[in-house]
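Working notes, structure below.
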Amino acid sequence: MSEAIQGTLLAHPWAGLLLVVLMAWLEYVFPPVPGDSTMLFACFLAGTGVLRLDAALAACLAGSVAGAATAYALGRRLGRSYFFLRSEWARAELARLESAFARHGARLLAVNRFIPGVRGFFLYAAGIGRLGWRPVLIYSTLSNFAWVALIAWGGTSLGASWEEVRVVFRRYVWGVGLVLGAYVLLSIVRLRRRRRAAGAPPLSPSS
């Protein structure tokens with residue numbers, strides 16, 4: 001997160017909340033944008049009394065929900081022509097997500113915010129796969145609500161200084177992501193074993 005963002009939130013708190021909305025939205029549309037760190041900093045300021053906590057939470061959630069809806073709409077409209085699919089890595093990740101959506105449906109979106117690295121692709125993949133907008137909205141909002149609650153807890157509870165909060169929260173998030181990743185991997189292994197035991201053909205390597 002840049003010093004300009006921090007300076008805006010410190011010098012102009014209420015105008016800074018609009019920046020929080022914008023950055024949370026942009027993180028879904030352009031994943032390299034530091035939306036999480038901006039939301040975390042806003043919650044840290046709420047913990048110190050610079051911002052109202054309810055206002056910070058509302059800004060974080062509004063931007064995240066709007067970003068999820070935008071990413072879904074772009075994926076649905078642009079499909080596989082979207083620019084990030086020019087990357088071989090992105091095409092491979094999309095194939096994995098499409099396979100996962102085929103098995104689990106929109107429920108998969110309930111954990112998308114907690115998986116570092118590829119979470120930005122989930123809503124695009126949901127749009128490209130033309131999942132129904134209602135379940136996409138429900139599950140992505142649940143995920144965003146849980147994520148914002150975690151950020152609020154981290155920003156107000158993990159340390160007395162911003163640097164301490166930022167470092168500890170990053171470690172915590174990666175720990176959660178690794179646990180979820182391991183759970184998904186074990187679930188796939190168990191599913192393969194059940195299919196073999198039932199005599200069904202195994203899943204393809206790309207699933």
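The values are calculated or read from the model by the stated rules, or taken from the named source; none is laboratory data. Just so it is clear, the structure is predicted and the values come from calculations on it, not from any experiment. No Cβ is skipped: glycine too gets one built from the backbone with ideal geometry, and neighbour counts run over all protein chains shown.
Suppose the filter is more than 23 Å from residue 95 (Cα to Cα) and either part of a helix (DSSP H, G or I) or modelled with pLDDT under 70 (or both); does residue 189 pass it?
Numbers: more than 23 Å from residue 95 (Cα to Cα): no; either part of a helix (DSSP H, G or I) or modelled with pLDDT under 70 (or both): yes.
Here the answer is no, as residue 189 does not meet what is asked.
State which residue is nearest to residue 162 (Cα to Cα) when the search covers only segment 27-49 and only residues that are surrounded by fewer than 19 Cβ atoms within 10 Å (Cβ to Cβ) and touching a helix residue (DSSP H, G or I) at 6+ places or on another chain (Cβ under 6 Å).
Restricting to residues being surrounded by fewer than 19 Cβ atoms within 10 Å (Cβ to Cβ) and touching a helix residue (DSSP H, G or I) at 6+ places or on another chain (Cβ under 6 Å), the top hit is 31.
Since residue 22 meets every condition but one in (1) assigned to a helix (DSSP H, G or I); (2) within 20 Å of the chain's Cα centre (by Cα); (3) closer than 25 Å to residue 154 by Cβ; (4) modelled with pLDDT under 85, which condition does it not meet?
(4)
Report yes if some residue within segment 43-52 is of a type outside the set (Lys, Arg), on the phi > 0 side of the Ramachandran plot and more than 17 Å from the chain's Cα centre (by Cα); otherwise report no.
Yes: segment 43-52 contains one or more residues that are of a type outside the set (Lys, Arg), on the phi > 0 side of the Ramachandran plot and more than 17 Å from the chain's Cα centre (by Cα).
Considering only residues that are modelled with pLDDT of 90 or more and crowded, with 20+ Cβ neighbours inside 10 Å, which ones fall in segment 66-98?
Within segment 66-98, 67, 68, 71, 72 meet the criteria.
Need the failing condition index for residue 164 against (1) over 15 Å from the mean Cα position of the chain (by Cα); (2) modelled with pLDDT under 75; (3) not aliphatic (A, V, I, L, M), just the number.
Every listed condition holds for residue 164 apart from (2).
Look through segment 118-153, keep the residues that are outside any helix (DSSP H, G or I) and over 12 Å from the mean Cα position of the chain (by Cα), and return whichever of them is modelled with the lowest pLDDT.
129
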